[in-house]
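The values are calculated or read from the model by the stated rules, or taken from the named source; none is laboratory data. None of the values given here were measured: they were computed from a predicted structure. Methodologically, a virtual Cβ is constructed for each residue, glycine included, from the backbone with ideal geometry; neighbour enumeration extends over all protein chains shown. Just so you know, the surface numbers come from the protein's heavy atoms only, side chains and all, with ligands and any DNA or RNA stripped out. Shrake-Rupley method; radii C 1.70, N 1.55, O 1.52, S 1.80 Å.
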Amino acid sequence: MTQQAQRTVLVINSGSSSIKYQLVDPDSGRALASGLVERIGEETGAITHKHEGRTTEITQAVPDHGAGLAQVLRLFEEKGPSLAEAHIVAVGHRVVQGGRHFSGPALIDDDVVALIEELVPLGPLHNPAHLKGIEVGRSLLSDVPHVAVFDTAFFQDLPEEAARYALDREVADRYSIRRYGAHGTSHQFVSGEVSALLGRADLKQIVLHLGNGASASAVVAGHAVETSMGLTPLEGLVMGGRTGDIDPAAVFHLARVAGMSIDEIDHLFNRGSGMKGLSGDNDMREVWKRVAAGEQEARDAMDVYLHRLTKYVGAYTAVMGGLDALTFTAGIGENDARLRRELCQRLAFLGIELDEAANEERADGARVISTPGSAVTVLVVPTNEELAIARQAVTLL
Ligand code: ADP
């Protein structure tokens, strides 16, 4: 048997003050190294680099993204793995907002950069930071192709009736207001894993990506037909700090009655709401601790969270005309057995039967947590956006 030479993709997720990276073998799925540059532009920054079980931590000022990435490349040379020996075939950049321009990964050239820039008004919190990552990446790693992988791409083929808001058509079209969705790379990866695990391509699925940001998607035979995030990642489920669904008239009310500015309302809805706003904590582990201590506010927050999820699962089941598989992923979805149990109790009318022992078991891989007799297969599937980005990137080579 001839052994295929190893090839790797450096996956970069550039945020406004951070760069997350992972060196991934797209063929085996193995992560060879990973790390995080934090607090870029602040007085003291920090870099964490992990390789073969060893963690290197550096605390130093990181003035800008260029300095951050340069330091990361030095760490690869000093601590391994050597990038020259790792056979990097591409750099994959995560980009949140691809608007209507991108329905798949794109080889980055100056035109693609210009399009990502054009989409800044639709992704003001993310696209400017991605552009910085792309710029420094292309200048420091100029001899390999760079690929942009968009969070919105999986939702580009949403049916028009799901993507279009009932807003004046001309205004909506002039200002590009429609449902773009987000977390698409995760929803596509996880729903694909479910199909592979269950050996069926024709499934009606709901994926619940429950992390600090949270979103639901409905997927029929591999195609997304609905998703809960909208024009921006603010719409939909209750999140760590975001409201999710709220009557847009709350904006008018706060502006007129409370005298708040648009920026203040933006901050309130995107950062000061959700579990944080309801309970004071955005981390589910803390909220559960307070539920255990008998705090009514924490219990109420959980009930708002669970109620919203129940509504979405019901609505998406109706949209698809049925449900074969319900999958939990991301930080909360993968780890919070109690939340999964309480949601499945609320969904018992769908014929869902949770296997309590399987639900409680702490395991790393994809697994079924419903009983063999359950009318809907319930699963936990760890998301792996880095691997998904790496795999998408090599499809363009
Ligand atoms: P993001 O990528 O959106 O920042 P993650 O998918 O990493 O978020 O999820 C982070 C969240 O996962 C935390 O805020 C916390 O609420 C939740 N979380 C992590 N571990 C657990 C756990 N064991 N039990 C409950 N929630 C958890």
Tally the residues that are out of contact with any Lys or Arg (no Cβ under 7 Å at 6 or more places or on another chain), farther than 18 Å from L306 by Cα, in contact (Cβ under 8 Å) with a residue 24 or more places away in the chain and surrounded by fewer than 24 Cβ atoms within 10 Å (Cβ to Cβ), restricting the search to the range 211-223. 2
R242 meets each of (1) away from the ligand (no atom under 14 Å from the Cβ); (2) closer than 19 Å to T310 by Cβ; (3) open to solvent by 10 Å² or more (accessible area, probe 1.4 Å) with one exception, condition (1)
Which condition breaks for D324 when tested against (1) closer than 22 Å to R242 by Cα; (2) away from the ligand (no atom under 16 Å from the Cβ); (3) more than 20 Å from the chain's Cα centre (by Cα)? (1)
Top-ranked residue of the range 276-286 - restricted to ones that are part of a helix (DSSP H, G or I) and within 17 Å of L237 (Cα to Cα), ranked as nearest to the ligand (Cβ to nearest atom): M284
S261 fails exactly one of the following numbered conditions: (1) out of contact with any helix residue (DSSP H, G or I) (no Cβ under 7 Å at 6 or more places or on another chain); (2) touching a residue at least 12 places away in the same chain (Cβ under 8 Å). What is the number of that condition? (2)
Pairs, first touching a residue at least 40 places away in the same chain (Cβ under 8 Å) in the range 105-129, second of a type outside the set (A, V, I, L, M) and loosely packed, with under 15 Cβ neighbours inside 10 Å, C-beta under 6 Å, six or more apart: A129/S16
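State the number of residues belonging to the range 195-221 that are more than 16 Å from the ligand (Cβ to nearest atom), outside any loop (DSSP other than H, G, I, E, B) and aliphatic (A, V, I, L, M).
The number of residues fulfilling the criteria is 7.
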Quick check on the range 17-36. Is at least one of its residues of a type in the set (S, T, Y), touching a helix residue (DSSP H, G or I) at 6+ places or on another chain (Cβ under 7 Å) and without any contact (Cβ under 8 Å) to a residue 24 or more places away in the chain? no
Taking A182, is it touching a residue at least 24 places away in the same chain (Cβ under 8 Å) and either farther than 23 Å from M239 by Cα or under 21 Å from the mean Cα position of the chain (by Cα) (or both)? yes
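Select from the range 251-272 the residues that are among the hydrophobic types (A, V, I, L, M, F, W, C) and farther than 23 Å from G123 by Cβ and list them in ascending order.
Once the filter is applied, which keeps residues that are among the hydrophobic types (A, V, I, L, M, F, W, C) and farther than 23 Å from G123 by Cβ, the range 251-272 yields F252, L254, A255, V257, A258, M260.
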Please specify each residue of the range 258-275 satisfying the condition of being within 14 Å of the ligand (Cβ to nearest atom) and open to solvent by 40 Å² or more (accessible area, probe 1.4 Å). R271
Selection over the range 74-85 where residues are exposed (fewer than 15 other Cβ atoms within 10 Å of the Cβ) and not hydroxyl-bearing (S, T, Y) yields a count of 5
When every residue in the range 350-388 that is among the polar types (S, T, N, Q) and within 16 Å of the ligand (Cβ to nearest atom) is compared, the one farthest from G213 (Cα to Cα) is N359
Looking at the range 170-194 only, could you name the residues that are in a helix (DSSP H, G or I) and open to solvent by 10 Å² or more (accessible area, probe 1.4 Å)? E170, V171, D173, R174, Q188, F189, G192, E193
Failed item in (1) charged (D, E, K, R); (2) in contact (Cβ under 8 Å) with a residue 24 or more places away in the chain; (3) under 17 Å from I206 (Cβ atoms), with E385 passing the rest: (3)
Yes or no: the range 192-210 includes at least one residue that is closer than 22 Å to L122 by Cα and polar (S, T, N, Q). no
Selection from the range 223-264 of residues under 27 Å from the mean Cα position of the chain (by Cα) and among the charged types (D, E, K, R) yields E226, E235, R242, D245, D247, D263, E264
Tally time: how many residues in the range 139-165 are surrounded by 22 or more Cβ atoms within 10 Å (Cβ to Cβ) and of a type in the set (G, A, S)? 2
Among the candidates L75, L69, L115, L83, which residue alone is at pLDDT 95 or above and more than 23 Å from the chain's Cα centre (by Cα)? L75
Scanning the range 330-344 for residues that are within 13 Å of E361 (Cβ to Cβ) and open to solvent by 10 Å² or more (accessible area, probe 1.4 Å), which turns out nearest to the ligand (Cβ to nearest atom)? N335
Name the one entry in Y305, Y312, Y316 that is within 16 Å of the ligand (Cβ to nearest atom) and assigned to a helix (DSSP H, G or I). Y305
Taking the range 18-54, which residues are in contact with a His (Cβ under 7 Å, 6 or more places away or on another chain) and either open to solvent by 30 Å² or more (accessible area, probe 1.4 Å) or among the basic types (K, R) (or both)? none
